[in-house]
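Trainee: Before I ask anything, let me first share the structure, which is written out below as C-alpha cells.
Only the coordinates and a few stated rules stand behind these numbers; no lab work does. Just so you know, these numbers come straight off a predicted model, no measurement behind them. Positions of Cβ are generated from backbone atoms using ideal geometry, with glycine treated the same way; all protein chains shown enter the neighbour counts.
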Ligand code: SF4
Ligand code: SF4
Ligand code: SF4
Ligand code: SF4
Ligand code: SF4
C-alpha cells in the first residue's frame, strides 16, 4: 500500500467495549491529523463523522469483545477489512474489562445489571484477537499515540511495523530515570512491554502494566520482586492481572 | 607529579575556571537518592562526593539515542548527523568509569573504527575524584584501585580540607594554569581507602574458572530470579551494543536513521529474520552477559571487561549480584575440577 496509488487507503475506526478514551486520544492529534488526512480517507469514525462504507483498507478497533453482538459485529468488520488493527489495551489484551473474568460471570451480570440482567447477554471480556485475526496491535491504556503514528506510517509506506518486545525498564534506562523502586514504590516495568517511552516512571509514577507483558514474562520472579518490596503475594498477583487477566490469569503461579 | 591543595571553598571558582575552557560535565543530584552526570550550569550544584551515577559518562560518547543520518526517499539522498567539536571537560569521574572509557576506546578502535564514537571522544579531558567504596563497588577486585589515575589528566584526592590536586598530564597542567585558587599541597600521605575484597579469586585467576563455566549450574539458578529486563546491560559502562531503526516523518518521504542502546538480556537482541532467536533462554543470555565481561574480550586482551562499578547489581530490581555469580562460579569450579568441598577451601576473603 503506497500513497502513490491514486486512491487513498480507506481507513475506519470502530469501538467495542471500552471507555472510548483511545479514540478521543486520537482526536488530540491535531496538527498530525491534517498530515494523516493527506494520505488516507477516513470513511467511518463514530466519534468524528457518520459516513458508512462497504470496505476498508485498514480497520482500527477499539475495545474488547464482551457480548454476543460484539462477536457478530467484529466478524462483519473483519470480512470487510484488508487489515485489522487493535487499538489500546481493551482491544489488544482484554484490558481492565477482563478483570470481570476472574469472577463467576453470572455474579458479575447480576452486580452490574441487577433485575434487568436477562436483557443483557454477556460473555467473558476478550481481546479482538480471540475472535478474529488481528494484523497489528497498538498497546496502552489509552493507546500510545507515538506508536499509533509509527504503525500507520510504516503501513502507508509499505513497511512492516516493528513491535518492541523489551521491558519498560529499557526506556527508563535510556532516559536515565531514577527507578521508582528507589522512591519506595513498586513497579511492573520489569516485565511490561515497552514502547511508551516509560512515560509513567518518567513522571515519578510506577508502571501498572497497561501495555501488556513482554513475550516471556518471568511471573515467578516478578512476584518475588514485588513481595521483596513489601507487597503481599495476593496483592502482587492482583497488580499483574489489572491489565493482564485475559492472557495471564490461568498461568499465574498459585 | 605536581601536587597542590584545593580548599573546599575554592571548588566553585575552580569549576568556573574550567568552564572558561570548555563545556564541563559533572555529577549532580538526580531524583530522591541518585546522581547523574550533567552539563554544569551552576558551579555550586556539582557534587563530588557520590557513590555512583545512574549512567556512566559513556553516554557522552555513545548516546542512549542518536541520530545517525537523515534521509529523503524523494531524491534518494542522505545526510549524516553532525557531531560538535566543542572541548569537553569531565569533572568528578571515578577511576572505574575512566577505565571503562579506555576499554570502550579499545572496542571502538579495533577492527572497524566506530566513527561517531571516536568523533565524540575527541577533545575530552578527564578530572578524576576519589570515592568511598560502598557495598556494590568491587573495582579493586578486578584490578582498579580507587586512586588509579590511568586516563585522568588531573586527579582530586579528598582530604579533610578539600582535595589534593594531582597533575597527571600536560593537558591537566594547562587546565589549571592561570587558576590562582590553589595552595601548596598539604604534607599528608595519600589516604588509604578501605576496600573489602569481594571476589573469591584474584581476577587474574578468573580465566581458569571461566574456561570451565559454560555448563555451570549458576546460569539456570540465576535465570529463575531474573526477569530479563535488560537493566544490567543498559547501565553497564562497558556495554556497547546498539540497535538501529528508521523513523519516517508524516510526509512519508523524509526520515531519520536512529540508533539506541540495546542489551543481550532482551528478547529482540538475538532475534533474526524468520522469527528465530538464537539465545532464547534467560540462562543462556545471563551466561552471555557474564562471559562478555570475563571471558570473550578477556581472552583477547588479558583484562576483565567488567570494571566493578556495581551498577548492574545495585540497579537490578531482582537483586541479582554479579559478584555472587562470579563467586558461585569459583565454588562450582573448585567442587568439580579441584575436587574440593567449598567449605574447606580455606580461602580468606578479607585478606586477598
Ligand atoms: S521505574 Fe519501573 S520501569 Fe523504570 S527502571 Fe524502575 S522498575 Fe523499571
Ligand atoms: S509506563 Fe507502564 S503503565 Fe505507564 S504507559 Fe507505559 S506500560 Fe502503561
Ligand atoms: S537487571 Fe537483573 S532482572 Fe534485569 S535482566 Fe539483568 S539480571 Fe535480570
Ligand atoms: S558488569 Fe556490572 S559491575 Fe561490571 S562494569 Fe558492568 S555494570 Fe559495572
Ligand atoms: S553483548 Fe551484552 S554484555 Fe555485551 S556489550 Fe552487548 S549488551 Fe553488553
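Trainee: Mind checking the angle between helix A:219-228 and chain A's longest principal axis? C-alpha axes, 0 to 90 degrees, to the nearest 10.
Mentor: 50 degrees
Trainee: Quick check on the range A:168-251: take the gyration tensor over C-alpha atoms, sort the square-rooted eigenvalues as a ≥ b ≥ c, and tell me if it's rounded (a/c under 1.5), prolate or oblate. Spell out each step's value before the answer.
Mentor: Numbers: a/c = 1.99, a/b = 1.31, b/c = 1.53.
Oblate is the answer for the range A:168-251, as a/c is 1.5 or above yet b/c matches or exceeds a/b.
Trainee: Can you sort A:34, B:182 by how many other beta carbons sit within 10 Å, fewest first?
Mentor: Listing A:34, B:182 from fewest to most nearby Cβ atoms yields A:34, B:182.
Trainee: Among rounded, prolate and oblate, which fits chain B when a ≥ b ≥ c are the square roots of the eigenvalues of its C-alpha gyration tensor, a/c under 1.5 means rounded, and a/b larger than b/c means prolate?
Mentor: In terms of gyration-tensor shape, oblate.
Trainee: Suppose only helical runs count, i.e. DSSP H with n ≥ 4. What mean residue ellipticity at 222 nm does that imply for the protein assembly as shown under -39500 (n - 2.57) per run, divided by all residues and rounded to the nearest 500 deg cm²/dmol?
Mentor: Helix contribution divided over all residues of the protein assembly as shown: -8500 deg cm²/dmol.
Trainee: For a footprinting-style exposure proxy, rank B:35, B:155 by other Cβ within 10 Å, fewest first. It would help to have the intermediate numbers written out before the result.
Mentor: Numbers: B:35 20, B:155 26.
Ascending Cβ contact count within 10 Å gives the list B:35, B:155.
Trainee: Could you work out how far apart the two model spin labels at residue A:254 and residue B:246 are, taking each label as a point 7 Å from the Cα in the direction of the beta carbon, and quote it in nm?
Mentor: My value for the distance between the label points is 5.2 nm.
Trainee: Additional query: Once you keep just the Cα pairs under 8 angstrom separated by 6 or more residues, what percentage relative contact order results for chain A? Kindly include the intermediate steps, with their values, before the conclusion.
Mentor: Working: 456 pairs, mean separation 47.2, N = 254.
It rounds to 19 percent for chain A.
Trainee: Want the number for residue B:8 to residue B:253: 0.36 nm per residue separation, take away the alpha-carbon distance, what's left?
Mentor: On the way: separation 245, 0.36 × 245 = 88.20 nm, distance 5.61 nm.
Gain on extension, residue B:8 to residue B:253, equals 82.6 nm.
Trainee: Kindly work out what percent of the DSSP beta bridges joining two residues of the range A:3-156 are antiparallel, to the nearest 5. List each step's numbers first, then the result.
Mentor: Numbers: 3 of 21 bridges.
In the range A:3-156, DSSP labels about 15 percent of beta bridges as antiparallel.
Trainee: Further question: For chain B, calculate the relative contact order in percent as a whole number, restricting contacts to Cα pairs under 8 Å that are 6 or more residues apart. Let's see the in-between values first.
Mentor: Numbers: 593 pairs, mean separation 73.2, N = 352.
About 21 percent, as a whole number.
Trainee: Next question, about the same structure. List, largest first, the extents of the alpha carbons of the protein assembly as shown along their principal axes, each in whole Å.
Mentor: Computed over the Cα atoms, the extents are 90, 63, 44 Å.
Trainee: Tell me, what is the Rg over Rh of the range B:204-288, with Rh the Kirkwood radius over Cα pairs?
Mentor: Values: Rg = 17.0 Å, Rh = 15.3 Å.
We get a ratio of 1.11 for the range B:204-288.
Trainee: Compute the long axis of helix A:145-156 from its Cα atoms, compare it with the longest principal axis of the Cα atoms of chain A, and write down the angle in degrees, 0 to 90, nearest 10.
Mentor: The helix A:145-156 is inclined about 40 degrees to chain A.
Trainee: Now for a different question. Pop a pseudo-label 7 angstrom from the Cα along the beta-carbon direction at both residue B:215 and residue B:115 and give the gap in nm to one decimal.
Mentor: Those two pseudo-labels are separated by 4.7 nm.
Trainee: Treat each spin label as a single point 7 Å out from the Cα along the C-beta direction, and report the residue B:102 to residue A:35 distance in nm.
Mentor: 4.7 nm
Trainee: Then there's this: Please report the orientation-averaged projected area of the range A:3-156, defined via the convex hull of its C-alpha atoms, in nm². Walk me through the numbers on the way to the answer.
Mentor: Values: hull surface 37.2 nm².
Over every viewing direction, the Cα hull of the range A:3-156 projects on average to 9.3 nm².
Trainee: Evaluate Rg over Rh across the range B:52-185, taking Cα atoms for both radii and Kirkwood's formula for Rh. Please report the intermediate quantities before stating the final value.
Mentor: On the way: Rg = 18.3 Å, Rh = 17.1 Å.
So for the range B:52-185, dividing Rg by the Kirkwood Rh gives 1.07.
Trainee: Here is a further query. Identify the residues of the range B:289-310 with backbone N under 15 Å of a label point that sits 7 angstrom from the Cα of residue B:337 along the Cα-to-Cβ direction, or state none.
Mentor: B:291, B:294-296, B:299
Trainee: Between residue A:199 and residue A:117, take the C-beta separation as r, use R0 = 45 Å, and let me know the FRET efficiency to the nearest 0.05.
Mentor: Details: r = 39 Å, r/R0 = 0.86.
Step by step, r from the Cβ atoms, then E = 0.70.
Trainee: Assign one of three labels to the range B:1-115, namely rounded, prolate or oblate, based on the Cα gyration tensor with a ≥ b ≥ c the square roots of its eigenvalues; rounded applies when a/c is under 1.5, prolate when it is not and a/b is larger than b/c, and oblate otherwise. Provide the component values of the computation, followed by the final result.
Mentor: Values: a/c = 2.09, a/b = 1.87, b/c = 1.12.
It comes out prolate by the Cα gyration axes.
Trainee: Take every Cα pair under 8 Å in the range A:103-250 that's 6+ residues apart, average their separations, divide by the length, and report that relative contact order as a whole percent.
Mentor: Details: 152 pairs, mean separation 27.6, N = 148.
Answer for the range A:103-250 is 19 percent.
Trainee: Turning to a different aspect of this structure: So, R0 is 51 Å and r is the distance between the beta-carbons of residue B:301 and residue A:133; what FRET efficiency does that work out to, to 0.05?
Mentor: Values: r = 51 Å, r/R0 = 1.01.
It comes to 0.50.
Trainee: At q = 0.13, 0.14, 0.15, 0.16 Å⁻¹, what log₁₀ I(q)/I(0) does the range B:137-287 have when each alpha carbon counts as one equal point scatterer in the Debye sum?
Mentor: For the range B:137-287, the Cα-only Debye profile gives -0.91, -0.96, -1.00, -1.05.
Trainee: Helix A:68-80 versus the longest principal axis of chain A: what is the Cα-based angle in degrees, 0 to 90, to the nearest 10?
Mentor: 50 degrees
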